[in-house]
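The values are calculated or read from the model by the stated rules, or taken from the named source; none is laboratory data. Since we're looking at a predicted model, the values are computed, not measured. Every residue, glycine as well, gets a Cβ built from its backbone with ideal geometry; the counts of neighbours run over all protein chains shown. Side chains are part of the model used for accessible areas, which takes the heavy atoms of the whole protein and leaves out ligands, DNA and RNA. Shrake-Rupley method; radii C 1.70, N 1.55, O 1.52, S 1.80 Å.
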Amino acid sequence: QVQLAESGGGLVQSGGSLRLSCASSVSIGSIYIMGWYRQAPEKQRELVATITVNGYTNYRDSVKGRFTISRDVAKKTLYLDMTTLTPEDTAVYYCSIPAQNVWGQGTQVTVSS
């Protein structure tokens, strides 16, 4: 069974940057879509970004131009580079293989104003 483990979260000031990593227990080279999601307190989980096996990416409007999703197949790792962070980005961030309903445990990102 695939296991995903996120890391890289933390506390950052508004305008700062973070890089989230998601290590997979198995090869990700043939996984059609992987994604990052987030859930803020008292809000529903929402899609942040996805990347396909062909490298096509998709982002929610509020993070376009600020966040970049990427993957390193050799390292079996998915990344989310986040820049120009705002307090509205504060949430627990999860990586996922949606088609297999596989989720990591999440990593907390807190942006202070």
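Among the residues of segment 54-71, those identified as open to solvent by less than 50 Å² (accessible area, probe 1.4 Å) and not aromatic (Phe, Trp, Tyr) are GLY55, VAL63, ARG66, ILE69, SER70. With respect to the conditions (1) farther than 16 Å from THR110 by Cα; (2) free of Cβ contacts under 8 Å to residues at least 12 places away in the same chain, GLU42 lacks only one, and its number is (1). Got at least one residue in segment 21-34 being closer than 25 Å to SER113 by Cβ, in contact with a Leu (Cβ under 7 Å, 6 or more places away or on another chain) and of a type outside the set (Asp, Glu)? No, that holds for no residue.
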